[in-house]
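The values are calculated or read from the model by the stated rules, or taken from the named source; none is laboratory data. Worth saying up front: this structure is predicted, and the values here are computed from it rather than measured. Please note: Cβ atoms are built from the backbone with ideal geometry, for glycine as well, and neighbour counts cover all protein chains shown. The protein model used for the area step is the full one, side chains on, heavy atoms only, and it has no ligands, DNA or RNA in it. Shrake-Rupley method; radii C 1.70, N 1.55, O 1.52, S 1.80 Å.
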Amino acid sequence: MIGAARYTFTMAIRLFAATSSQGKLRDFRTAAQAHSVEIEPLPGLKDIPAPEEDGDTFASNAALKAIYYSRFAPGKLVVADDSGLEVDALDGAPGVRSARFAADAGLVDSPDANDNTDVWNNMLLLQRMSGVKPPLRTGRYRCVLACAQDGVLVSTADGVVEGVILDAPRGTGGFGYDPLFFLPELDRSMAEIDLETKLSLSHRGRAIAALLTILQS
């Protein structure tokens with residue numbers, strides 16, 4: 001935990017996710033089911049102006065969003081995440097700019113779950129990784145999840161999964177960089193595994209499992 005208040009919740013926990021990404025909501029819900037915890041979209045999220053994500057780390061952005069959105073939901077436990085891909089050959093990029101990788105390069109106007117941003121992000125990653133030899137194509141998915149209530153940070157947790165960046169997409173499942181993120185121990189990309197397996201080892205699944213363990217302790 002980083003800079004978190006200490007809370008203990010002895011009753012059933014219900015969380016509200018500050019995200020409009022259906023992929024993230026699906027991942028969060030699937031992971032939370034194992035802990036008998038409900039996660040629902042934050043009511044009225046589309047009508048709340050989004051805060052500027054100007055942090056230089058996943059942790060700072062996740063905390064910023066959780067605190068901000070919790071002020072619009074009195075009494076509710078609000079969770080927000082910041083997550084992305086860190087590629088060693090690119091000095092950790094795209095990192096906190098993962099969703100805006102192509103936008104930063106001028107290829108798309110802005111990241112939007114309903115357009116082809118994932119396609120452009122993956123194309124740019126392949127371009128930047130062109131010529132990088134297999135031993136140097138290492139990277140990781142990282143997720144930091146923050147929980148806040150009434151404008152106060154309650155807790156944070158993180159999750160990481162290591163992998164290798166492919167030179168061509170594989171699989172049709174998942175979202176984001178999943179078709180290019182290869183898991184050597186499974187001999188599959190993140191986009192080739194079923195949701196249950198993905199949540200058992202993914203950065204997002206690990207982060208929410210860690211957070212729920214903290215909240216339920």
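The residue that is modelled with the lowest pLDDT, among those in region 29-39 that are of a type outside the set (Gly, Ala, Ser) and either touching a strand residue (DSSP E or B) at 6+ places or on another chain (Cβ under 9 Å) or surrounded by fewer than 17 Cβ atoms within 10 Å (Cβ to Cβ) (or both), is HIS35. Given the structure, is VAL108 modelled with pLDDT under 95, in a loop (DSSP other than H, G, I, E, B) and open to solvent by 10 Å² or more (accessible area, probe 1.4 Å)? Here the answer is yes, as VAL108 does meet what is asked.
State yes or no: is VAL132 of a type outside the set (S, T, N, Q), touching a Cys at 6+ places or on another chain (Cβ under 6 Å), open to solvent by less than 40 Å² (accessible area, probe 1.4 Å) and at pLDDT 95 or above? No: the conditions fail for VAL132. If you go through region 168-183 and keep only what is part of a loop (DSSP other than H, G, I, E, B) and not polar (S, T, N, Q), you end up with ALA168, PRO169, ARG170, GLY171, GLY173, GLY174, PHE175, GLY176, TYR177. From the residues in region 118-164 that are of a type in the set (D, E, K, R) and not in a helix (DSSP H, G or I), which one is nearest to PHE16 (Cα to Cα)? The selected residue is ASP150. One residue stands out among those in region 53-91 that are farther than 23 Å from LEU15 by Cα and of a type in the set (Asp, Glu): the one that is surrounded by the most Cβ atoms within 10 Å (Cβ to Cβ), which is GLU86. Looking across region 144-167, just one residue is in contact with a Pro (Cβ under 8 Å, 6 or more places away or on another chain) and more than 30 Å from MET129 (Cβ to Cβ), and that is ASP150.
Across region 1-28, the number of residues qualifying as under 20 Å from the mean Cα position of the chain (by Cα), open to solvent by 90 Å² or more (accessible area, probe 1.4 Å), modelled with pLDDT of 50 or more and over 15 Å from PHE175 (Cα atoms) comes to 1. Kindly evaluate ASP91 against the criterion of being on the phi > 0 side of the Ramachandran plot and without any contact (Cβ under 8 Å) to a residue 60 or more places away in the chain. Considered against the rule, which asks whether it is on the phi > 0 side of the Ramachandran plot and without any contact (Cβ under 8 Å) to a residue 60 or more places away in the chain, ASP91 comes out as yes. Candidates in region 184-217 are the residues that are part of a loop (DSSP other than H, G, I, E, B) and farther than 27 Å from VAL154 by Cβ; of these, the one that is least open to solvent (accessible area, probe 1.4 Å) is ILE193.
Which of the residues spanning region 92-102 are part of a helix (DSSP H, G or I), surrounded by fewer than 19 Cβ atoms within 10 Å (Cβ to Cβ) and in contact with an Asp or Glu (Cβ under 8 Å, 6 or more places away or on another chain)? If the condition is that a residue be part of a helix (DSSP H, G or I), surrounded by fewer than 19 Cβ atoms within 10 Å (Cβ to Cβ) and in contact with an Asp or Glu (Cβ under 8 Å, 6 or more places away or on another chain), then GLY95, ARG97 are the ones that fit.
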